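Asks: Just passing along the structure, written as structure tokens.
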Amino acid sequence: MTNEIRAIFDSIAPVYDQLNNWLSLGQHLIWKEMAIKWSGAKAGDTCIDLCCGSGDLALRLARRVGNTGQVYGVDFSPNLLATAQERSQQQYPQPAVTWVEADVLNLPFEDNQFDAATMGYGLRNVTDIPQSLREIHRVLKPGAKAAILDFHRPNNPQLRAFQQWYLDSMVVPMAENLGLKEQYAYISPSLDRFPRGDEQKELALQAGFASVTHYPIVNGMMGVLVVSKF
Ligand SMILES: C/C(=C\Cc1cc(O)c2ccccc2c1O)CCC[C@H](C)CCC[C@H](C)CCCC(C)C
Ligand SMILES: C[S@@+](CC[C@H](N)C(=O)[O-])C[C@H]1O[C@@H](n2cnc3c(N)ncnc32)[C@H](O)[C@@H]1O
């Protein structure tokens, strides 16, 4: 399963950023900024972006922490990491992001290392959500926060129907034109399986987090889970 997920993301790397921009009308960058704000990252911090993909969140975190901070972007897709590396060479963020090829279920970092963490559209894709939350808890310093952005199923039936229509009738056909139908068709079942906000909060408490909040955004079509370590 892990290899299949990595293969999905490796294969969409050439079009990943472009499709996110088109399909969200550029809005995904605003949602990512919201996650960064909720992570509490500030100048001088050492931060980690989990499942960093092509680097949107990590590169923005780097701007926020500035010269005195440090940012690590972790992902297991070599192709998306190559895109991230290329983008960071073009943009010269201060400080440079350290890109790490690794499984977020087994992070190559010591305990209590990070002042803040972000994860964008990663938690729904990991094969073991409780283990992923335990790893985030382990590497955060006491008092630090993580903000986890992902799709969310709205409670309102009309909005849920719109979300499903958008995925089936806009996202998948556009991806099909690029020969990536199966990869994008995977989003819908992964969203069906993904725990709702309240269930995510319960899983985060079980992973050891002291305070947990879930913010529905985009009329509940997306959500940000914000967790703090004691
Ligand atoms: C950045 C976004 C999604 C990233 C993403 C996540 C996945 O799990 C994938 C799995 C497999 C292939 C690709 C991805 C993937 O790209 C979010 C923005 C892109 C969305 C496809 C757009 C979805 C929009 C909402 C359902 C409705 C938005 C309404 C309006 C246009 C604002
Ligand atoms: C939808 S992309 C999100 C990328 C980026 N965070 C963004 O918001 O655009 C999901 C990412 O999670 C990564 N991923 C999924 N499971 C992972 C795991 N167990 N370890 C590391 N990366 C993983 C994939 O390679 C992919 O880059």
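Asks: Quickly run through the stretch 127-143 and pick out the residues that are in contact with a Pro (Cβ under 9 Å, 6 or more places away or on another chain) and over 22 Å from Pro195 (Cα atoms).
Replies: Once the filter is applied, which keeps residues that are in contact with a Pro (Cβ under 9 Å, 6 or more places away or on another chain) and over 22 Å from Pro195 (Cα atoms), the stretch 127-143 yields nothing.
Asks: For the stretch 174-194, enumerate the residues that are over 19 Å from Met221 (Cβ atoms) and exposed (fewer than 13 other Cβ atoms within 10 Å of the Cβ).
Replies: Asn177, Gly179, Glu182
Asks: Scanning for something in contact with a Leu (Cβ under 7 Å, 6 or more places away or on another chain) and either closer than 23 Å to Gln131 by Cβ or free of Cβ contacts under 8 Å to residues at least 12 places away in the same chain (or both), does the stretch 31-39 turn up at least one residue? Write out each step before concluding.
Replies: So in the stretch 31-39, the residues in contact with a Leu (Cβ under 7 Å, 6 or more places away or on another chain) come out as 31-32, 35-36.
Retained after the next criterion (residues that are either closer than 23 Å to Gln131 by Cβ or free of Cβ contacts under 8 Å to residues at least 12 places away in the same chain (or both)): 35.
So far as the stretch 31-39 goes, yes, one or more of its residues are in contact with a Leu (Cβ under 7 Å, 6 or more places away or on another chain) and either closer than 23 Å to Gln131 by Cβ or free of Cβ contacts under 8 Å to residues at least 12 places away in the same chain (or both).
Asks: For residues in the stretch 98-124 being within 13 Å of ligand 2 (Cβ to nearest atom) and more than 22 Å from Val226 (Cβ to Cβ), which is surrounded by the most Cβ atoms within 10 Å (Cβ to Cβ)?
Replies: Going through the qualifying residues, I end up with Trp99.
Asks: Which residue is farthest from Val139 (Cα to Cα), if the candidates are limited to the stretch 197-220 and must be within 16 Å of ligand 1 (Cβ to nearest atom) and assigned to a loop (DSSP other than H, G, I, E, B)?
Replies: Asn219
Asks: Mind counting the residues in the stretch 1-57 that are polar (S, T, N, Q) and within 7 Å of ligand 2 (Cβ to nearest atom)?
Replies: The qualifying residues number 3.
Asks: While we're on this one: Only one of Asp115, Asp111, Asp150 is touching a residue at least 60 places away in the same chain (Cβ under 8 Å), of a type outside the set (Lys, Arg) and more than 16 Å from ligand 1 (Cβ to nearest atom). Can you tell me which?
Replies: Of the residues listed, the single one that is touching a residue at least 60 places away in the same chain (Cβ under 8 Å), of a type outside the set (Lys, Arg) and more than 16 Å from ligand 1 (Cβ to nearest atom) is Asp115.
Any read-out appearing in this document is the output of simple, stated calculations on the displayed coordinates, not a laboratory observation. Remember, it's a predicted structure, so these values are computed and weren't measured experimentally. Don't worry about glycine lacking a Cβ; one is built from the backbone with ideal geometry, like all the others, and counts go over all protein chains shown.
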